Every structure is written in structure tokens, then in C-alpha cells.
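Engineer: Here it is: the structure, laid out below.
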Amino acid sequence: MSENALSLSGAEALPAARPLLGRALALFGRAPRSYAVLEARRNLLLYAGWPVVILGSLPLAAAVAMSAEYPLIQGVAAALLGWAVAGLPLTALLFGAVAGAGLRGASEEAEASLPLSPRTRAFGALASAAGALAASTALVAGLILMAAPDAGSLLRAMSEVGSNTWNRTHWEVMFSVLTTLYCTPLALSWLLLVSFGVSLVSAHAVLGGVAALFAGAAALLPVLAGLMLQMSTEGKAEFLFPAAACTSALLAGALAAVAGAAAPALRAGRWGAARALLLALLPLAGSLAAWPALYRSRDRALAATESVVSAWDRSRGGVSRHLVPAIRRSLGGRLVMERPEGDLVLLAGWTPTVADLVWGKRLSEVHQVFWDSKGMLWVEAWHPGTQGAMPSTEIYVGRGDGPLRRYLTLPYQMRFTADDGRACVDPEGWAYDSRTYVYLDPDKPPILKRQ
Amino acid sequence: MSTAIRLEGVRRSFGRREVLRGVTASAETGKVVGLLGRNGEGKSTLFKILLDLLEPDSGVVEVLGRRPDGSGELRKRIGYVPERPVFHDFLNAGEVLEWRARFFPDWDAPRADSLMGRLKLDPATKVKGASKGQLAKLAWVCAAAHDPDLFLLDEPTSGLDALVREEVLGELIGELHSGGKTILIANHRMEELAGVIDEVWVLAGGVVSAAVSVDSLRAGACKVTARLHDWSSRPSVPGAVPLPSERPLAAWAAFTREAAEALAGSGGLDVVERKPLPVDEAMKLLLRDGADV
């Protein structure tokens, strides 16, 4: 019976798609399946030995923990965390590189006379490597579930990656990282695919693996940053799912590019190898879709942390709080005012970059916001110092219809306040007597001495 | 009679190095064609193109009535023996054949067993550590067990001792006797096959410089010895190549009767002797010197 899918009656209804459908279905025929098994046999030592390595690392880690006078279970936890965060991605690189390079060289010669297309060989090798990777991943996930004190909490953690993750148990952290990041069609499949493609084209496993490591890291950077951002902020950044959707949607195309087109391109003459290499790196294009999602996530995180501050009305002395106009303070000391027209005006601060948020850069804080009797808006903000410098308190002033002007860097010991509708500074920092205050005129440079 | 192999202007380069520069030749179904060519002339590249492992840069290639399309389907009807047979070293001979059976719909397991028996190849022989002779025998079984329509044999007896060579060639001749098979064989020791090949292609300079039937070689190839009138203008005719000569006599190898006649009638010489040239000698000269035959 012909392996050709054109024999399927269902294909009769799609005459235009028959050739493509035939080719796609032929990839699952007897010959491709047999080839995948042959590939698994060829790499049996690696694919079957790797789970043994995973299992063997646990007693080793436990022994190291005990020798350092830590509980045995902590050693096991550390080992499993290492596998979840770094070990499995490296496994994907390794399996992809071995599978890709293995299709060239001696294997290519040995299989030259087999009636298999380059596409079938590539898909078979990929399927074999992906199966082995899935087995290793399942093993690590299963070990975590077995070793964790509360397996139910881990399963709940899968749906709750986001706020407060760093406060969770390390079991929950590793499991949520493992299942929501690496087990999605993101890191592992990407790394496997890029590593396979580059190794196939270069016929060099080490080169392919290393190239995939750097290329994959660059492509996954927005995903990893988004995940850390999501885990660092109190509000859910909801980054992961848009990014996953973007990259997953491109994964099928990337798979076709790498195995479906890169392998056959090697048959061609001039520029065949170059074309194959470009195709092998095509999966990285999916990362382009993750970057906009990352910045949207950043904006959502900022919005989630915005809180309304009262702009005190000190115009008549005393203290009277009004929420008009609404002033919002968020991460980074960013101060925005919502005008009655509905638009936002940035008064002070800056928009933190993703790196600022991910790496936990110390951000500015707004302490006071008030209106004086002349209708001027005053803001007191604390800024962390740059490396080696001391933190500082800045005073900003403006009319509230645009960015505020930095008016004064307040000396450390002085206190900023308002008195009788006027902004002023208490040079002593502790007196509450207007006789010692130095009043500030927004239209003149500040003089911080009693005159 | 249909054409099993058709090549028209086939070119193939590797980087800047042009290996095939417009190969044009054809082989009819059922013919045995010997491919002569020095090392590095592109014989293996030509085989890979016929096997649909490489794509030509330009030109037309037709094998068994089909154009190679990269699908590998053609290889179901081709039996290929490479110059250096390579197999997966984690298998033994029997396992190699078992795996191959999964990919060839027309695989004939009893035939494979029979071939193994005739060639005295133990199925338990591990590929890793197998001798050259054992690998050559295994390669032959792999090529023949699915009863292909076309054999592509790239130096099938290269590096083999006399006994193994005889065994492999014996099987080859047996295939010839079964009839209907087209065989393209590259062999340095073409004299071994002089009795069975129908046509010889000479691959030189990236083209098939000569394609001559063995029957015409047998009938017309001769060594022409003549006395030259003027040594400064030695005649040159298509189909003949000069041989080392000692004055006052000059010698040529003429590969066809027509070439010999043309030489005799070219003027400026008096033919002293025309001696038939053995086919194997003629082939050696074709390979060494080429000729526009």
C-alpha cells in the first residue's frame, strides 16, 4: 500500500492542497516513523543515559548537602531546581546539536541509498530528539512532584505564576518555572530547533550547540525578562501568555523552515548552504514578536502599581486634601497628573525600563505633593544615588500643565514643608516654628539662609 | 528501447570549483555502461546527482523516466554501491538488512538471505570492526536485495582482495544475466568488465569526453603504425590519440574503424601496420588520453 497520502479519500476534496497535504501526511508514514526509531537507536546511549544522569545527580547533591551540614532534602531540591532552570535547556541544546550534526557525516553516507527525503530524515531526527527531551522533562517534573511536600500547591502554582512568586516555596518556584516557561513551546522547543538547525547545516554539534545557546538566549531574553518582571511586581503583568501565543504561532513555521526547508536546501548547489543556515536561524524571528509584548507588560506593571496621591491644597494655610486634579504615583517615582480632559501629563520622574524593573533598580519615591496659594504645584521626591553617590531629595515645581521643573536639591538635614500657603524649607530639620523657615519663591533661585 | 539515464548539460560546482561542466550522455535500459575517469573528475558527484542526493546547478537529469525531485523516491528503484561502503556501526550485518527492509517496499528478504549465503557473509558480523571485504559484500546485498531496475556501482571492487573481488563480480554478472537491469559502473580495473559492458563513458574535464560502445571498440580499435613524411606536422583525427613513438615510425591508437580510415587517408604518412587493440588497452588509453570519439 502506498505510503502516499494521496490514497486517503479525504484528500480528494482538497485538490489544490493535495500535494502539500500529501507531503505533510507522508511525514507520519511508516518510513519516517522507522527512521525516527533508527535515530533513537543511533543515539541510544545519550537518550537513555541522560535520565540516568538526572537520577544520579540527586544522591550526589544530597551527599554534598549533608557534607555541608544541610538537610538532605535541600540538596535534592537544589539539584532539581538546577535541572528545571538550567539543566533542561542545556539538554535541549545538547539533544538538538547531536541530532542535527548526526544527520551529516558518517550517517549521511550510511543512509545515502535509503529512499528518504532530507525532510523526512530531518523530521525523524527531530522527532527522536524531541521525544527524548520530553522524557527527560517529564522525569524532572515527576521528581519534583514526588519530592515536594505538597504536590497540590505546585499544581496550583502552575496557574498562578505572577504576583508574589518569590515569596513562594522554592518547590513552587521551580515547578512554575518549569511548567509555565520551559514546558511551553518556548524555551525547550526553541533551543532544540535552533540547535538542531545550526548543527545540521554546519555538520558540527559543538558549533551548533554554542550558536544556539547564544542565539536562543537572545531570543528568549524578552520572555525571561517578562517572567521575572511578572514575578517581581505585585500586580500581574500577564506577560507570559501573549508572548507564548506569539512565539508558539511562529513555532510551526519555524519547524517547517528548519527541518522542512533547511535540510533539502543542502542538496542545492550555489548558496544552498547559506540558504539553509538562514532558514535554520529563522525561529529566532519569533522573538521579535515577544518584544512588543514585553513592553506592554512593562506598561501594565507600571499601571498596576499606580496609586493616587492626594495633592494637598496648602493654598490657605492649614491642610486640606483634595483629589483634584488626580495625581498618580507609580514605580520609579513617576508622577503623572490626569487632567480634566482625560489626558495624562508627566510631571516628574521617568519611565523605568524593563531592565530597571527586572533587576530591581532602586527607584525614586514621591513624598509630598501640594498646591500653594499661587496655584503652583510642589513635589518632593527622593532619588537613590547613582553608584557611589548619596541619595538625594529633589524639589520640583510647576503649574501642573506640563513637566515640572527641578527647583532645588534639598540638603540632607533640611525639611521641606508648606506654611501659610507658601512652600518653605526648615533649615534645622526639626523646628516647627515659622520664624526659622526659609520661604521659597518659584520664580527666583532658592536661598536657604534666613535673611 | 527506453532510456534509463539521460543527462543533458549537467553542471555542478562546489564553491568556486566546477566539478561537472556540462555532462551530456544517455544510457538505454538494459545496458551496462562503464564510467571511466581519473580520481577527482566527478564520478562520485555524478552518482550522487543520479541518486537524487545532490541537485545539479543546471542541466537536465532523468533517471528511469523521472526527474530527481529531492523526495528520495527514485532510490527505491536504484541499487547503489559506494566506493567506500559505510554503515551504522552500532548494527550488525543482519540488522543493517532488517532496517533497510523497512524503507524499501520491494525488499526481498529471502533474496537477501540467499545473497548473504552465496557471499559467505555472516549476519552476526558487526559493522564496527568488519573488514573491507565484508563491508563490500554487505553493500552488494543492500544494493541488490530490493531487485532494483538500475545499479549505480562506484568502484565496487576497490581495495578488495582477489577472492572477494571475484565473489562480488560474480554476483554482478549474475545480475546481468537476469536481464533488464541497467548498470552504470565506475571501475578502475575496467578490463575486469570488458566482457560484460556495452558502452564506455569517459569523464574528463568535467564532461563526458567520449562515449563509445564496446562492440565498436572490439570491432574497430586498433593500433596504427605509420611512417611519417613530415614529423613537424603529425596528423590528428577525431577518435585517435597519438602513442609514444620512435622515429622513423609514429603510432596512434584509433578507437573506431572510421578513425583508423581517416588516419590512413589523412596524407603525409604511409601506414605500415594496423593491429587490433585489446578492449582493455583501448579503455586505458581512453582514460589516459581521452579522444573525441
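The values are calculated or read from the model by the stated rules, or taken from the named source; none is laboratory data. All values derive from a computational prediction rather than experimental measurement. Neighbour counts run over all protein chains shown; Cβ positions are idealised from the backbone, glycine included. Please note that ligands, DNA and RNA were not included when accessible areas were found on the heavy atoms of the full protein model with its side chains. Shrake-Rupley method; radii C 1.70, N 1.55, O 1.52, S 1.80 Å.
Engineer: Mind listing whichever residues of segment B:57-86 are assigned to a loop (DSSP other than H, G, I, E, B) and within 7 Å of chain A (Cβ to nearest Cβ)? If you could, list the steps in order and put the result at the bottom.
Structural biologist: Residues of segment B:57-86 that are assigned to a loop (DSSP other than H, G, I, E, B), as a first pass: B:57, B:64-65, B:67-72, B:82-86.
Selection gives B:Asp57, B:Gly70, B:Ser71, B:Gly72, B:Pro82, B:Val86.
Engineer: Here's something else I'd like to know. Collect the residues in segment A:35-83 that are among the aromatic types (Phe, Trp, Tyr) and outside the structural domain of A:Thr120 (by TED's automatic domain parsing), keeping them in residue-number order. Outline the logic, then answer.
Structural biologist: To start, the set of residues in segment A:35-83 that are among the aromatic types (Phe, Trp, Tyr) comprises A:35, A:47, A:50, A:70, A:83.
Residue satisfying the conditions is A:Tyr35 alone.
Engineer: Count, please, the residues in segment B:244-293 that happen to be open to solvent by less than 30 Å² (accessible area, probe 1.4 Å) and without any contact (Cβ under 8 Å) to a residue 40 or more places away in the chain.
Structural biologist: Residues meeting the conditions: 7.
Engineer: Could you pull out the residue among A:Ala79, A:Ala92, A:Ala99, A:Ala122 that is more than 27 Å from the chain's Cα centre (by Cα) and either among the acidic types (Asp, Glu) or more than 14 Å from every other protein chain (Cβ to nearest Cβ) (or both)?
Structural biologist: Values: A:Ala79 fails: more than 27 Å from the chain's Cα centre (by Cα); A:Ala92 fails: more than 27 Å from the chain's Cα centre (by Cα); A:Ala122 fails: either among the acidic types (Asp, Glu) or more than 14 Å from every other protein chain (Cβ to nearest Cβ) (or both).
The conditions single out A:Ala99.
Engineer: For A:Thr184, indicate whether it is over 30 Å from B:Ile49 (Cβ atoms), part of a helix (DSSP H, G or I) and either modelled with pLDDT under 65 or not assigned by TED's automatic domain parsing to the domain that holds A:Leu279 (or both).
Structural biologist: Numbers: over 30 Å from B:Ile49 (Cβ atoms): yes; part of a helix (DSSP H, G or I): no; either modelled with pLDDT under 65 or not assigned by TED's automatic domain parsing to the domain that holds A:Leu279 (or both): yes.
For A:Thr184, the condition - over 30 Å from B:Ile49 (Cβ atoms), part of a helix (DSSP H, G or I) and either modelled with pLDDT under 65 or not assigned by TED's automatic domain parsing to the domain that holds A:Leu279 (or both) - is not met.
Engineer: For B:Lys181, state whether it is touching a strand residue (DSSP E or B) at 6+ places or on another chain (Cβ under 7 Å), in the same structural domain as B:Thr29 (by TED's automatic domain parsing), open to solvent by 10 Å² or more (accessible area, probe 1.4 Å) and of a type outside the set (Ser, Thr, Tyr).
Structural biologist: Working: touching a strand residue (DSSP E or B) at 6+ places or on another chain (Cβ under 7 Å): yes; in the same structural domain as B:Thr29 (by TED's automatic domain parsing): yes; open to solvent by 10 Å² or more (accessible area, probe 1.4 Å): yes; of a type outside the set (Ser, Thr, Tyr): yes.
When the stated conditions are applied, B:Lys181 passes them.
Engineer: Given B:Leu172, B:Leu228, which one is surrounded by 15 or more Cβ atoms within 10 Å (Cβ to Cβ) and within 20 Å of the chain's Cα centre (by Cα)? Spell out how you get there, then give the answer.
Structural biologist: Values: B:Leu228 fails: within 20 Å of the chain's Cα centre (by Cα).
From the options B:Leu172, B:Leu228, the qualifying one is B:Leu172.
Engineer: Regarding B:Asp122, is this residue free of Cβ contacts under 8 Å to residues at least 24 places away in the same chain, more than 27 Å from the chain's Cα centre (by Cα), in the same structural domain as B:Glu167 (by TED's automatic domain parsing) and open to solvent by 70 Å² or more (accessible area, probe 1.4 Å)?
Structural biologist: Values: free of Cβ contacts under 8 Å to residues at least 24 places away in the same chain: no; more than 27 Å from the chain's Cα centre (by Cα): yes; in the same structural domain as B:Glu167 (by TED's automatic domain parsing): yes; open to solvent by 70 Å² or more (accessible area, probe 1.4 Å): yes.
Spelling it out, it is not the case that B:Asp122 is free of Cβ contacts under 8 Å to residues at least 24 places away in the same chain, more than 27 Å from the chain's Cα centre (by Cα), in the same structural domain as B:Glu167 (by TED's automatic domain parsing) and open to solvent by 70 Å² or more (accessible area, probe 1.4 Å).
Engineer: Further, regarding this structure: Restricting to segment B:1-54, name every residue that is within 14 Å of chain A (Cβ to nearest Cβ), among the acidic types (Asp, Glu) and either in contact with a helix residue (DSSP H, G or I) (Cβ under 9 Å, 6 or more places away or on another chain) or crowded, with 21+ Cβ neighbours inside 10 Å (or both).
Structural biologist: Listed by number, the list holds a single entry, B:Asp52.
Engineer: I'd like to verify a number: residues in segment B:94-113 that are more than 10 Å from chain A (Cβ to nearest Cβ), open to solvent by less than 50 Å² (accessible area, probe 1.4 Å) and under 27 Å from the mean Cα position of the chain (by Cα), how many?
Structural biologist: The number of residues fulfilling the criteria is 3.
Engineer: Name, by its number, the condition in (1) within 14 Å of another protein chain (Cβ to nearest Cβ); (2) open to solvent by less than 10 Å² (accessible area, probe 1.4 Å); (3) not in a helix (DSSP H, G or I) that does not hold for B:Ala130.
Structural biologist: (2)
Engineer: Could you tell me how many of the residues in segment A:29-82 are among the aliphatic types (A, V, I, L, M) and either at positive phi or in contact with a strand residue (DSSP E or B) (Cβ under 9 Å, 6 or more places away or on another chain) (or both)?
Structural biologist: Residues of segment A:29-82 that are among the aliphatic types (A, V, I, L, M), as a first pass: A:31, A:36-38, A:40, A:44-46, A:48, A:52-55, A:58, A:60-66, A:68, A:72-73, A:76-81.
Then keep just the ones that are either at positive phi or in contact with a strand residue (DSSP E or B) (Cβ under 9 Å, 6 or more places away or on another chain) (or both); that gives none.
Qualifying residue count for the region: 0.
Engineer: Taking interchain pairs and intrachain pairs at least six residues apart, which have beta carbon atoms under 6 angstrom, with the first residue in segment A:32-52 and within 11 Å of another protein chain (Cβ to nearest Cβ) and the second hydroxyl-bearing (Ser, Thr, Tyr)?
Structural biologist: Correct list of pairs: A:Pro32/A:Thr120; A:Glu39/A:Ser128.
Engineer: Name the residues in segment A:82-107 that are open to solvent by 60 Å² or more (accessible area, probe 1.4 Å) and at pLDDT below 85, would you?
Structural biologist: A:Val85, A:Ala106
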